[in-house]
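A quick write-up on the structure given underneath.
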Amino acid sequence: MPEEQDCRQCGKCCEKWGWDQKGIPEDLVPWIEAGRTDILQHVGIMFSDRKHSTGKDLTLADLSRVVRIDYWVNVNGGMLTYCPFFFRAGDGKVYCRIHLAKPAVCIGFTPWNERIRDYALNCPACRDSIP
Ligand code: SF4
Ligand code: SF4
């Protein structure tokens with residue numbers, strides 16, 4: 001990646017897009033296997049019988065019944081309008097509290113490649129690449 005595309009850790013992408021996202025079952029497997037209830041408690045789950053829960057008590061055996069995965073919810077299952085793992089440090093930079101375990105939607109998001117004009121223009125890493 002060219003230097004001018006390097007992330008500045010301003011946090012704008014996570015503030016704007018880090019919630020109301022859909023997950024995939026593959027995200028959940030390592031969290032379940034590692035006992036990451038700190039993450040799973042903020043995952044909204046809908047099952048094939050339309051019942052809802054957080055992912056806190058989810059097991060691998062439950063995955064075949066999962067039809068929707070929502071990021072993120074509070075511990076009571078209510079939708080959040082922010083990411084609970086977003087952390088702005090004293091240096092002003094934003095850090096992801098689950099950086100090494102974050103979901104695919106976060107790993108794959110590269111705002112400098114987005115075609116969403118209003119957003120791309122607000123990413124400092126896009127400053128040399130957006131017309
Ligand atoms: S908006 Fe751009 S520079 Fe800011 S944290 Fe996201 S990717 Fe990095
Ligand atoms: S999990 Fe991490 S990368 Fe994803 S929205 Fe939250 S703070 Fe950003």
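Tally Lys/Arg at +1 and Asp/Glu at -1 over every other residue whose Cβ is under 12 Å from the Cβ of residue 38; what's the total? List each step's numbers first, then the result.
Details: positive: 36, 56, 97; negative: none.
Around residue 38, the surrounding residues sum to +3.
Sort 40, 58 so the one with the fewest other Cβ atoms within 10 Å of its own Cβ comes first.
On the way: 40 18, 58 21.
Exposure proxy ranking, most exposed first: 40, 58.
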Cβ-defined net charge surrounding residue 71, 9 Å radius [Lys, Arg +1; Asp, Glu -1]
-2
Order of 98, 107, 39, 69 from fewest to most other C-beta atoms within 10 Å?
107, 98, 69, 39
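For 38, 91, what ranking results if the residue with the fewest other Cβ atoms within 10 Å of its Cβ goes first?
91, 38
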Phi-derived 3J(HN,Hα) across segment 77-90 with the Karplus relation (6.51, -1.76, 1.60, θ = phi - 60°), rounded Hz, x for Gly and Pro, is x, x, 5, 9, 10, 7, 8, x, 9, 7, 9, 9, 7, x
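Every number in this text was worked out from the coordinates using simple rules, so none of it is lab data. In this text, all values refer to a predicted model and were calculated from it rather than measured experimentally. We place every Cβ from the backbone using ideal geometry, glycine too, and count neighbours over all the protein chains shown.
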